[in-house]
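The values are calculated or read from the model by the stated rules, or taken from the named source; none is laboratory data. The structure presented is a predicted model; accordingly, all values stated were derived computationally and were not measured. Cβ placement follows ideal geometry from the backbone for every residue including glycine, while neighbour counts extend to all protein chains displayed.
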Amino acid sequence: MDVLEGDGSWIMNIILLGPPGGGKGTQAQFLIEHHGMRQISTGDLLRAAAKKKSPLGLEVEKYMKAGKLVPDDVINNVMKEALEEGNDGRGLILDGYPRTVQQAKTLDQMVKLMNVSVDHVINFNLSDKEVIRRLSGRRQCRECKVGYHIQFAPPKKEGICDRCGSELFQRSDDKIEVIQERLRVYHEKNDKLVDYYRSSGKLREISGEGSTGDIYKKVEGILGLSQ
């Protein structure tokens, strides 16, 4: 849609792809803060749907309570509701959806019926080695929940929170063996998804390495939002 409204705001819908720890969330926040876009996160949507206790929400809750992956058809329906509610002219950032080629095809059908489009798909490239370095170095305070990183933002005293003096710990999903499994699943799904969007001509690729500010300048350049 890449249309500049009379009030100076841009209307466009974008998808952010990339590995865990690749910086998608940070870049989405920059777009929200600087350009008023709205983020639609699959995880947030599923939790919100479960709280609603609607027929669809109860179905979502059933899978989440059982610790099972929510099936594509249920996720697609949740996303359809969110897209209908969120089509307010601000532009949307889809984070965590689609995850598979089948979800991408369903999304194409949904936005076509809504007379809108996905304008850009940005894929943040990051080596597995760097992903492991970023995620495995994260630590969190057991009490006040403040986050640290053993390389990028270490505490003043190793293993101790600067704020409250409590013990820091490593979350289970930040352990190396868990990250490696997450990356295996990620590549299994995402590589095909990247190929799908590359064939559509909408894919734009950016290195996820470097400062968040430099990466954001590249994102703005791709979207035509740079001043």
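Here is how the numbers come out for the structure above:
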{"quantity": "Restricting the range 149-170 to residues that are part of a strand (DSSP E or B) and without any contact (Cβ under 8 Å) to a residue 12 or more places away in the chain, the residue that is surrounded by the most Cβ atoms within 10 Å (Cβ to Cβ)", "calculated": "Ile160"}
{"quantity": "Close pairs (7 angstrom Cβ cut-off, 6 or more residues apart or separate chains): touching a residue at least 60 places away in the same chain (Cβ under 8 Å) in the range 27-45, assigned to a helix (DSSP H, G or I) and β-branched (Val, Ile, Thr) anywhere", "calculated": "Gln27/Ile215; Gln27/Val219"}
{"quantity": "Filter pass, Gly96 being modelled with pLDDT under 85 and in contact with a strand residue (DSSP E or B) (Cβ under 6 Å, 6 or more places away or on another chain)", "calculated": "yes"}
{"quantity": "Residue match in the range 189-202 (condition: surrounded by fewer than 12 Cβ atoms within 10 Å (Cβ to Cβ) and over 27 Å from Leu31 (Cβ atoms))", "calculated": "no"}
{"quantity": "Hits in the range 65-84 - residues which are modelled with pLDDT under 85 and over 19 Å from the mean Cα position of the chain (by Cα)", "calculated": "Lys65, Ala66, Gly67, Lys68, Glu84"}
{"quantity": "Residue match in the range 28-42 (condition: surrounded by 15 or more Cβ atoms within 10 Å (Cβ to Cβ) and over 30 Å from Asp214 (Cβ atoms))", "calculated": "no"}
{"quantity": "Breaking point among (1) under 19 Å from Gly96 (Cα atoms); (2) aliphatic (A, V, I, L, M); (3) in contact with a Lys or Arg (Cβ under 7 Å, 6 or more places away or on another chain), for Leu168", "calculated": "(1)"}
{"quantity": "Test: Gly89 is of a type in the set (Gly, Ala, Ser), at positive phi and at pLDDT below 85", "calculated": "yes"}
{"quantity": "Flag for Glu220 being in a helix (DSSP H, G or I), of a type outside the set (S, T, N, Q) and exposed (fewer than 14 other Cβ atoms within 10 Å of the Cβ)", "calculated": "no"}
{"quantity": "Yes/no for Leu193 being closer than 25 Å to Asp119 by Cα and part of a helix (DSSP H, G or I)", "calculated": "yes"}
{"quantity": "Test: Ala48 is out of contact with any Asp or Glu (no Cβ under 7 Å at 6 or more places or on another chain), assigned to a helix (DSSP H, G or I) and without any contact (Cβ under 8 Å) to a residue 40 or more places away in the chain", "calculated": "yes"}
{"quantity": "Some residue of the range 198-209 being assigned to a loop (DSSP other than H, G, I, E, B) and in contact with a His (Cβ under 8 Å, 6 or more places away or on another chain)", "calculated": "yes"}
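Conditions tested, residue by residue: (1) without any contact (Cβ under 8 Å) to a residue 24 or more places away in the chain; (2) of a type outside the set (Phe, Trp, Tyr).
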site	(1), (2)
Ser172	yes, yes
His187	yes, yes
Leu193	no, yes
Tyr197	no, no
Gly201	yes, yes
Glu209	no, yes
Gly213	yes, yes
Gly221	yes, yes
